[in-house]
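Since the structure comes first, as C-alpha cells, the remarks are kept for the end.
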C-alpha cells in the first residue's frame, strides 16, 4: 500500500528554511517540512532562572504554540482558555531539553536563550520540525553573540535535529504527515545529535504495542532522516565546525 | 522636522497582501504595512453564540495575539501568563465590531465568522493592519460560501479599512510606525467604510490634549489613507460589487 | 420623536455629588448622573509601578467594577468568574488615561493615585460618570497632600470630565441613558479638559456607520455637556485655580 | 477599662436601614452598624442549581465582597487577583446558610434567591451586618413575589440576625468594632432566629482559649443583641406575622 | 432509635495512630477515626510569612486536601479544577488556627510549621481527625527540633484535639460518621485544649435551629470525647509535660 | 562503582502490593517499589468523554498527584498554585495511554475508568510504579464489573507494567531510585505488555547523548525487570487468563 503522499517509506518531506524570517529576534527561522510550517525564534536574555543563579551556567528554554487556524478545524486559543494544555507542556519541555544538548551551557555563561516555536500551519510533525528549525535559530543567536564579541569562543556542541517515525501496516515509515500520523499504529519521535547519538526517544503505541524488531527498524529510519536534516542545518552554517 | 522614516506627513507605508497564506482557513491573508506583518484568517463555524441562537442572524468575532518575538523585546506569552491582557481585549473587541460593519449579518444566516489576527512582526499600527487585512480574509471566506452555494447572494455591505493618525510636533501625520507611535502626542485609530463613513474613531492624547482643529486635520488625513487602503482591498476582488 | 426620558437632545441628566461618601479614602465621591450612581475613591500609595521607579514621576491608575445587582438583570461577579472581562479592562484603561491628563505627574512625585470606580446603579454612561466623579475624588486626594504639607504646590493641570453622545433617529443627542444607549445607532464617549481640548474620543457605530457631519454635531454637543460638568466640578473647589 | 468607642459592654452600635437603596434588585437594603456599611441585595432567579433540579424546592445563596477602599488600607480587588480568598469563601457560605434558616425552601418553589452583600465601609462586624441586612432584603424580595401573586402564601419562617461578641480583658463584650476586633482574645459570631434558637455559632480564640463560663457569657450577650436587631427588622415589616 | 453504627450517643469511634507513616516529613502521622483516615504531616521551614518577618515569632499554617477517591463518589481534583473550593479554604483555616493554640509562637522562633492533612478515606469528621492527628505530627516535628538542639526548651503549650457533635432525633450524639453527618439536624465541630478550654466552636443548624439547652448538651459531649482523644495523644508522648 | 543502594545493575527494588487499600474505589492498590509508595485507584463512571459519545467504546484516563510532603523538601500543592505543572501533565498522559493498552475498549462499552495515582512517598520511579500499580487497580475494577454481571466477558488484553532504566557511569542499570535518578546521564521509562511488546519508550539524555548500543542494553534490562513485575501482577489474579 503506497503512503497517502506517494512518498516511499524512507523519504523525508521537502525541507525549506527561510532565515531570517522576522527582524527583531536574535535568531528567526521559518522552517517548512512539507506543509508543516513553524516560525522558530531564539531570544537572548542576560539572566538565568532563579535555580541557576550564581553558578556561571546558562540555560535554554522553549515555548510552543499553535495559531488557532494552523489546523483543519479552528482550535481555541490557549491564551483565551487561560491555560496551557498537557500536549503543549509536553512539547515545550521536549524542545527545551533537546536544544540544551546543542550547547555547552557553561560556555554560554549566565544567560538564557528563549526558544519560541509557533506553528503557522500543521500537517504532522510540528514538534520535530520545531526542534530542527529552532536549532538553526539558536545557532544564529549564538553567532550574534560571537560577532558582537559577547562570547569569545563558540559554545556549540552539536547540531540537533528530530524526526518522527512510525509503523503503518506493519512497515516502518519516516516523517509522518497528518494523514499518516492519525492512523499509524505507532508514533515515535527521535531527537539525535550530529555524532549519531540519541537525545530523546519517545515512542507510543496508539493501537497495538510494537516489537523490539519494529523498534530497531524505526530507529534506523530515524537515524537516516536525521542525518539528512543535520546536513541541511550545516549547509546554512558552512564555516561552523 | 522630517519623520523618522523619511515619509511625508500624508504618505502610507507600502502595503503588501499575500493571499492565501496558509491552506486550511476559509480566508487567510498575510498583510504587511511597512514592517508590521499580521496573519489574518477567517474561519466559518455553522453556529452562533448563545445570545443569538434562533434569530436567523450571523456573527463576526475576532481574536488577536502577538507572537512573543514580534517585538523588539520578547513579550511573555499570554497563554503562559494564563490570561489575556487589557490591551488585547480592547483590540479584539475593536476588530470584531469593525468587521461586523462589513457584512449584512441577517444575510449571513446563523453562522459565525471567527477572525484571528496574529502579529508576526510589530512596527506600529498592528490593530489597524489587522482590520484592513482581516476584511480581505473575511471576503475570501464569504466567497467560498458563495462558490459552494451555501449562500446564494453576497451578504457584503462595505469594504472596511483602518489606519492610525497622530499629532507629532503639532502636525497631523498618517500611519504611524513604532518610532512615531511611542513619541506622538496624540494617537488616533480610525475605521471607515468604502462610502466614507466612520465605523470607529478612537483618539487618545498621551501627553497634551488636542484641539478641535487638530482633530479635523487628523480625520481628513485618515480619510485619505483609508481611501487608498480600500482601493487596494478592492483590487483583490475585481469582480465584486 | 421625543427621547424616552422626555429630555431634549441637548440636556444633561441631573448631576449630584456627595463628598466625602466614605471615611477612609483620601478622596471619596458618590456621583449620580440621573439614575447612574458610581462610588469613586482615590487612594494615595507612596510608590510607583516598577516601570516608573526612580524617575521622580508619579502615576494615576484606575480600576472599575459593577456591583452584581447594579443592573436590571443580576450580573455574575467578576471575582467569582476569576477574571476581568474585556469591557471592564477597556473602561479602566480609559479612566486611568483620562485622569492622567488632570495632573502634572512630575509635580506629583513618586507616588501612585489608585482610582476605584464602583457602580452601585447603572443606567447608561457609567464610564463617563466614573471619569467625572473620579476627577473630584482625585482633587480631594491632592488637596489632602497639600494640606498635610506633603506637596508644596498643587500639581493640578486640568479639570477633566466626560459625557456620552450618540445618534438616535438621525439626530445627535447628549448623555444617553440605558434605554437610549441600547438602541442608538452610534455611541461616542468624549473626555475633555477645562480648556476645551480632547483627551479621548471613542465613537462606535453599532448599526450604520456615521458621517463626518454627524461626527461634528456630536462633538459639539459633547463640548457643551462637558462645559457644564466641569462648571459643576469647579463649584466643589471654589478656591482652586 | 472603657471600650475604645466609649460604649458599655452590652451596647450595640446604632443601626440604620435605608430601603430600597438601589432600584433594580427585588430587595435592596443599605445597613449601617456604626461605621460599618453594607449594601445587601436580593435577586430572584426562576431556577435552582443542578443539585436541586426537579425537587420542587428553592435555594438561597450568597456572595460577599468588599470594595477596595472600604478599609483603612486599600485592599486589592479579588476580581483583579483572579480568585476569591479563603475569608470571602467562608463568609459567603456563612451568609447563605444563615438565610436559608429564614425561609421554608419547599414553599419557595423552584427558584433561587441570590443575596449579594457588598461592604462599602468596614469597621468590624461586616459579616454579621451582612446577615442582618440581607434578611431584610430577602423579606422585600419575597414580599414582591407575594404582591405579584407568584407566591400565594408567605414562605417566611424566621427573622434571622447576627452579631459578634468577644472577650476583651476577660470581659464579654457585644458588637465589636474594628479596633476591638483586632485586639480581642476571643471573637465569636452568633446567628439566631426570632424564637431564640441558634443557626450558627462560630467562636475563635485568637490568643488564649476560652472557658465554658466565658462561652456562656458571650452567648447571653449575643442573645440580647440579636433580640434588639430582630426587633429592628420587624419594625420594617409591621404587618408580617 | 439506635445509631446506624450501633454506637451509643456518647461513644467515640476507635482511634488508631501510625507514626511515622512516611519518612521525609519532620512529623508524619496516619490517624484513623473509624473509617476516616487522614495522613497528617508537619514540615519545618526556616522562615516566616512576610507579615511576621523580623518579629522573632514563628507561625503554624495548614493545608488540607482530599484524594479524589477518598469518597463514595469520585470527586474532581482541586488541582485539575484550578482552584481550591470554599469548603477546603474553611477547613485549612480552621486547622491552622487550632494548631497555633498548641504552641508558644514566640518560643518557636522565626520558623514556620506547615501542616498538611490529606484525607485518604472519608467517613465523616475529616476536619476534626485532621486536627487531632496533626497535633501529634506537630509534636513530633518540635521533638525533632529539640533533639537536634535547634530549640533548647519545648515551646509546647497545650495538646489540642477536636471532635464533632450533633443533634439527631433531638438527642446529642458524639463523633458523627458520614451516614449521621448527612442527616443530622445540627453539626458542631469543637476544638479544645488539654486544660478544658475552647479554641474553636463551629455549630451549624442544617435544618431546624437549636436551643441553648441542646448547645449545652453538645458541648458537654464534645468535652468528654476530646478528653479521651487528648489522653490518646499524650500516650504517644509519655515523657512530655 | 557499586550503586548507592548496594543493588547490582539488574536488580529491582522489592515490590509490595496492598489491595484493597481503601474501601470506596472499585479498585484500590497501594504499591511500594522500595521507598516509593503510590496509592492507585480505579473508579468506574457510566459515561464517556464527549469525543467518544455514541461510538460504543469505553475510555481509560488518569490523573496523578504528589502529596506535598512525599518528597524530601515540601513541594507546594498544585491545587494551591491553581494549575497543574508540565511534569504532572506529562505523567498523567503517559499513565492513561499505557493503561489503555491493557483493555479492549470496545468490549468495555461506553464507560470511563478513572485512574488516580497519588504519591504518598517518592524515591524515584513514581510514574512507573503508578503504571504497574494502577494496572492491578484496573483489573480489580473490571473484576467487579464481571462479578456484578455488568460485563459478561473480560475485556482484558494485556498486563502492562513499567520500569525505569538508565546509564550510570556508562553502565545500564535497572529501576533507579532518587539518588540515582538525579545523577544518571540517561533516564528511560519503558512500558511493556505481557507478550513482551512496547507500549511506551521515553528516553532522555540529561547530560551526554546515548549511543544505539546503550539503548539496546537499556531495553534489554527493562524487558527483564518488566517480566518480573508482570509475574508479580499475575500472582494477584491467579485465575485470570
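The values are calculated or read from the model by the stated rules, or taken from the named source; none is laboratory data. This one's a predicted model, so the numbers in the text were calculated from it and none came from an experiment. Because the Cβ atoms are built from the backbone with ideal geometry, glycine has one as well, and the counts that use them run over all protein chains shown.
Among the residues of segment D:159-193, which ones are more than 14 Å from the chain's Cα centre (by Cα) and at the interface with chain E (Cβ under 10 Å from one of its Cβ atoms)? Within segment D:159-193, just D:186 meets the criteria.
So that you can scan it fast, the table gives a plain yes or no per residue for (1) buried (at least 24 other Cβ atoms within 10 Å of the Cβ); (2) within 24 Å of residue B:54 (Cα to Cα); (3) at pLDDT 95 or above; (4) in contact with a helix residue (DSSP H, G or I) (Cβ under 6 Å, 6 or more places away or on another chain):
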site: B:105; (1), (2), (3), (4): no, yes, yes, no
site: B:109; (1), (2), (3), (4): no, yes, yes, no
site: B:115; (1), (2), (3), (4): yes, yes, yes, yes
site: B:118; (1), (2), (3), (4): yes, no, yes, no
site: B:129; (1), (2), (3), (4): yes, no, yes, no
site: B:133; (1), (2), (3), (4): yes, no, yes, no
site: B:145; (1), (2), (3), (4): no, yes, yes, no
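The condition of being farther than 20 Å from residue F:120 by Cβ, part of a helix (DSSP H, G or I) and free of Cβ contacts under 8 Å to residues at least 60 places away in the same chain holds for only one of E:99, E:146, that being E:146.
Scanning segment B:152-180 for residues that are crowded, with 18+ Cβ neighbours inside 10 Å and either assigned to a loop (DSSP other than H, G, I, E, B) or on the phi > 0 side of the Ramachandran plot (or both) turns up B:157, B:158, B:159, B:175, B:176, B:177. The residues of segment D:181-204 that are within 14 Å of residue D:220 (Cβ to Cβ) and not in a loop (DSSP other than H, G, I, E, B), listed by number, are D:188, D:190, D:192, D:198, D:201, D:203. Taken over segment C:108-119, the criterion of being touching a strand residue (DSSP E or B) at 6+ places or on another chain (Cβ under 9 Å) and either on the phi > 0 side of the Ramachandran plot or not in a loop (DSSP other than H, G, I, E, B) (or both) is satisfied by C:108, C:112, C:113, C:114, C:115, C:116, C:117, C:118, C:119. Here residue C:176 meets each of (1) touching a residue at least 60 places away in the same chain (Cβ under 8 Å); (2) more than 22 Å from residue C:23 (Cβ to Cβ) with one exception, condition (1).
Given the structure, is residue D:102 in contact with a strand residue (DSSP E or B) (Cβ under 9 Å, 6 or more places away or on another chain) and within 30 Å of residue C:42 (Cα to Cα)? No, not satisfied. The residue that is farthest from the other protein chains (Cβ to nearest Cβ), among those in segment B:205-214 that are in contact (Cβ under 8 Å) with a residue 12 or more places away in the chain and not in a loop (DSSP other than H, G, I, E, B), is B:214.
The criterion of being more than 17 Å from residue A:69 (Cα to Cα) and touching a helix residue (DSSP H, G or I) at 6+ places or on another chain (Cβ under 7 Å) holds for residue B:84. Only one of the numbered conditions (1) within 9 Å of chain F (Cβ to nearest Cβ); (2) surrounded by 20 or more Cβ atoms within 10 Å (Cβ to Cβ); (3) part of a helix (DSSP H, G or I) is violated by residue A:221, and that is (1). Within segment D:4-44, if we keep just the residues that are exposed (fewer than 15 other Cβ atoms within 10 Å of the Cβ) and farther than 11 Å from residue C:69 by Cβ, the residue that is farthest from the other protein chains (Cβ to nearest Cβ) turns out to be D:8.
Among the residues of segment D:29-39, those that are closer than 19 Å to residue C:119 by Cβ and in contact with a helix residue (DSSP H, G or I) (Cβ under 6 Å, 6 or more places away or on another chain) comprise D:29, D:38.
When the strands (runs of 3 or more DSSP E) confined to segment E:1-85 are screened for residues that are under 26 Å from residue F:62 (Cα atoms), those reaching at least 2 such residues are found at E:36-45, E:59-66. Look at (1) in contact with a helix residue (DSSP H, G or I) (Cβ under 7 Å, 6 or more places away or on another chain); (2) touching a residue at least 60 places away in the same chain (Cβ under 8 Å) and you find that residue C:194 fails only one, number (2). Going by what's in this entry, would residue E:96 be described as within 12 Å of another protein chain (Cβ to nearest Cβ), at pLDDT below 95 and closer than 22 Å to residue F:78 by Cβ? So residue E:96 fails the test. Against the criterion of being within 14 Å of chain E (Cβ to nearest Cβ), out of contact with any strand residue (DSSP E or B) (no Cβ under 6 Å at 6 or more places or on another chain) and either closer than 19 Å to residue E:209 by Cα or in contact (Cβ under 8 Å) with a residue 60 or more places away in the chain (or both), residue D:127 qualifies.
Screening residue E:94 on (1) more than 22 Å from residue E:222 (Cα to Cα); (2) in contact with a helix residue (DSSP H, G or I) (Cβ under 7 Å, 6 or more places away or on another chain) shows it passes everything except condition (1). Of all residues in segment C:61-92, those satisfying the criterion of being free of Cβ contacts under 8 Å to residues at least 24 places away in the same chain, closer than 18 Å to residue D:80 by Cβ and within 13 Å of chain B (Cβ to nearest Cβ) are C:78, C:81, C:82, C:83, C:84, C:85, C:86, C:87, C:89, C:90. State yes or no: is residue F:65 surrounded by 20 or more Cβ atoms within 10 Å (Cβ to Cβ), more than 30 Å from residue E:44 (Cα to Cα) and touching a strand residue (DSSP E or B) at 6+ places or on another chain (Cβ under 9 Å)? Here the answer is no, as residue F:65 does not meet what is asked. Filtered by the rule that a residue be free of Cβ contacts under 8 Å to residues at least 12 places away in the same chain and either surrounded by 23 or more Cβ atoms within 10 Å (Cβ to Cβ) or under 21 Å from residue A:102 (Cβ atoms) (or both), segment A:45-54 gives a lone residue, A:51.
For the residues A:79, A:25, A:42, the requirement of being touching a helix residue (DSSP H, G or I) at 6+ places or on another chain (Cβ under 8 Å) and under 30 Å from residue A:180 (Cα atoms) singles out A:79.
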